[in-house]
1. Given the rule -39500 (n - 2.57) for each run of at least 4 DSSP H residues, summed and divided by the residues of the chain, what is its mean residue ellipticity at 222 nm, to the nearest 500 deg cm²/dmol?
2. What FRET efficiency comes out for the pair Lys202/Glu126, r = Cβ-Cβ distance, R0 = 25 Å, nearest 0.05?
3. Take Asp46, Asp307 and sort them by solvent-accessible surface of the protein heavy atoms, 1.4 Å probe, largest at the top.
4. When ligands, DNA and RNA are left out and all protein chains stay put, how many square angstrom of accessible area per residue does the chain have with a 1.4 Å probe?
5. Note down the nm distance, to one decimal, between modelled labels 7 Å out along Cα→Cβ at Ala806 and at Gln524.
6. How large a share of the accessible area of the chain, in percent, is made up of carbon and sulfur atoms when the probe is 1.4 Å and the other protein chains stay in place?
7. By how many nm would the segment from Gln951 to Leu840 lengthen if fully extended, with 0.36 nm per residue of separation less the alpha-carbon distance?
8. Go ahead and run the numbers for FRET between Asp48 and Ser415, Cβ-Cβ distance against an R0 of 51 Å, rounding to 0.05.
Amino acid sequence: MDNNLLLVCFDLRSVKKLFWGVLGLFIFCYHVVMAQQPNFRAITTDQDLPSNEVYSILQDAQGFIWIGCDAGLFRYNGVKFIPYKTAKQRSKSITGLSQTPNGRIYCHNFTGQVFYIENDQMHELECSEITYVSNITTNQQNEVWLATKEGLYYYSPQINKCVQYQNSSFSPKNISRNFTDKQDNIWFTSDDGVGRLDKQKKITIYPFPPQKIDLLGNLLICNTPQKTLLVGVTSANLYQITPQGIKSYYIPTLNKALEGKKVTNAYLDTKDRLWITTYTGVVMYHTITQQIKVYLEEFSFSDILIDKDESIWLTTLYDGILYIPNLDFEDLQAMHKVLKICHDEQNIYFGNTSGLLGVLNPHSQETKIYDAGLKADIRSLNYDSSDKAIYFNMNSSIYQLKDNNISLARSFAHSVKSMIHVPEGYLIASSIRTYFVKNLQDTSLQVINEQWGRNILYDTKNKYVWVATNKGLLKVIYQAGEYIVLEKLLQDKQILDICLWETQQQLFAVTFEGFIYQISPSLQIEPIAQLPNHIQAYHILCHNNQLYIGTNKGLFIYNLHTKDWQKIGKLEGLISDNLLSFTFFKDKIWIGTEKGVQSIPIAFKTKQNLSKIFLKKVLQNQIAIGDNDYQKIKMQPNDALKIYVEAVCYSSYDKFRYAYRINQKSSWNYLPANTEAIDINSLPAGAFSIEIMVEDHQGRFSKNLIVIKGEVLPPIWQRGWFLSILFFIILFSFFIGFKLRVRHLQKKQEQVLNQLHLENELNSWQQTALQVQMSPHFLFNILNSIKAYIYENDKQKAITYLNHFANLVRKILQNSNQKEALLIDELEIIKHYIELEGMLLEKDFSWEINIAENIATDEIYIPTLLIQPFVENAFKHGLRHKKGEKKLTISIISLSEQVIQLTVDDNGIGRKASQLINQKNKPLHQSFAMQNIKKRIDLLNQNSNFDIQMQILDKENPLQEALGTQIVLTIKYHE
């Protein structure tokens, strides 16, 4: 029981038994104000924690938890604690855990020694000048900063030694605390004040105000989103660092929460919550909403960690580690063995096996506990909105709680399981029968059913009553002054509970076998889901299109739309898996269990599965296999593998399993969480693949998968080399005879393959050329320009350029699959392309194509899309950047009967100037690069009937000023 609560109870049950008839019913009421606390799992020496005195905690980059405690340094994998130590260690106690981005973990002891973990080994960091280390912090440069009595020291991997920080004007001494903020600045406290080192190791000192003795050596530094705060360790006073210095800072709620507490640590999480651990609890201050909460004041805390799963780890000085899987799961430690729970408009009501009735006001946290003096369990608990009263059943009688008074409402009512107030009176379901009375004092009753009744629901819209019994489901209606059974559904099935989805007029029933049935208004029955085996349902409710089922294994939630299951149990934060009763009140689910009352958010979602598995080592016949050989293991028959694995699955505690299978078609094999190694023996001959994963307590596999591959060699007499030797003499003569033939075929095959390779590569370059011509950037610019003409109502130009664009696309698509094309067709493509590119330039652009008279363009073939890249480069690298008149000339002359010379000439800015522009502003659309053009020409020369030579000329005037670029192609063609 929470130590906020002190009750002195007088057991007057025996007095009641003696004087019941004379004295009546004695009622005792206790008023208590108690805060709800998060449910936690204690990890102590009873769970093999090496020491209950824990100083520091860290989660490394892989996800493993490290603790520094009175017994030393340990890594915790959720199942066991693995020790780390070195022979140089002068004392066991370890604290100050911190990790650098390169993976090293640093810590220190109380005798001035600093240690680091690398390659799973503990080493000492040599710092001979240091006699006492008070704290360690690290930064993003892999540096380690040490707060020591001698001053501020740091270790950098680049210099590989520990040196003292010194400044020409300031050398701090007696450093008590240090801290790294989100900007990678190093903060520290010393006798002179608070210092800040930026990334350039430039120091700023904030001196202490006069007459503030409590600041010296007793400060914790923390950066909130708005300010830098100092928290006094012994005084718990707050201070703020400003450009003018250190000033007292007062946050009324936070100062009040810290009053009288000795502070041990401060930590700002990613949700802007400031956590302050103290010798009497942990204080949470939300820096944005200003919300304050104080948790677990009976514990002395030393450190806090919020892991990657958003679970909270609290280390204590005397009680080990407290693991909180979900902070929003709050436990009201007022009463145990709660059987029933319900609510009215303001309060939560709960009754237990000892006859105690609790009333909780969630807003004020005030709890009233009523003891009627009867040693009997409360078997039903219902709120009657008409009577404004709570009815509950004890010792076969019904009692009423109204206006803070308990009175007997009906005696000899049997063991009542449920009762409701209907317009005509009261319907009561008991372990003997279900019956109707017009009022609770009426001695006459109407029996509706002679079966064990478990729950009653009233359909206010249709005026139906539904009764869940041990022999089925009854639909009951009031007619002619009595209740009659209209329908019997699910006959001979034990209905454990029912609930009504009123907006959809759907009824749901859960049976002893775990089936969940949906009953429509037309009485169509459909089994929609089933609970897992060995799950016993107690209670079912419908809320927000989901069914909530309380069971002996936690709370199961079934989504009626997605058909998905969600399970909430102890490992998610419930105080007990045996969930006997629950109710919805505002934004929370209030749960009654054998361990008390708990509230959880309705909006709670099961956390994402972050479990991981790690391969530590693999032994083949007790010999370690190298890390690079895990995918190519060679094994002899009867060789054995031993695979050492380790998992991170803290949310499942020790309830996760290792799953492995040999080859994908086989079934999974499972091993418990405490497994250290997987033994694989007698693999069959041939290739094998071993897959290993982790399955958490929810049945979800880890995100990563370990795969080990190899081959088991067959026995000697089954191997090919043995058979080859056996038949070597016979085959040798044939081998000699075919050797030359094979070589000949191989050479021929290589020639064919080389030819195919060249053709494929040539096709690839041709496809690349097509892609360049039709690049999205080019198309976008063209269409944007045409759109501009349309907006300007220049229909003639819009139509002209649309025709050019359509013809260009059509021609390119027609020739895209051809290796060569007629010169006349290529020139037509170039004309359309030049017209479209010219549209993008200023009006002072001109172009011409000059063809010698003795050239028959309709008879000469050239490679497809050969000319366009040179024209594109002329625009892109020459003409677009030129001011004034721009001109492009294409000339074609005949050098001989089958040789033509094609010249692309521009008066642009030249290649050198273009290169300088490109270096400053990389273009978004990369054209067909010159080296790619040369590559294509080389391929054409090797794998076609063409012989193409290319020459590039940079045109200059006598003053060496660029006049443009000229490309000369000499093409030996065929007709």
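The values are calculated or read from the model by the stated rules, or taken from the named source; none is laboratory data. Fair warning: this is a prediction, and the values are worked out from it, not measured in the lab. Here Cβ is always computed from backbone atoms with ideal geometry, including for glycine, and neighbour counts include all displayed protein chains. The accessibility values were calculated without ligands, DNA or RNA, using every heavy atom of the protein model including side chains. Shrake-Rupley method; radii C 1.70, N 1.55, O 1.52, S 1.80 Å.
1. Calculated from helices alone, the mean residue ellipticity at 222 nm is -5500 deg cm²/dmol.
2. About 0.35, to the nearest 0.05.
3. From most accessible down to least: Asp46, Asp307.
4. Value returned for the chain: 49 Å² of accessible area per residue.
5. 5.6
6. Using a 1.4 Å probe with all protein chains present, the chain comes out at 50 percent carbon and sulfur.
7. Additional length available on full extension: 37.1 nm.
8. The calculated FRET efficiency here is 0.65.
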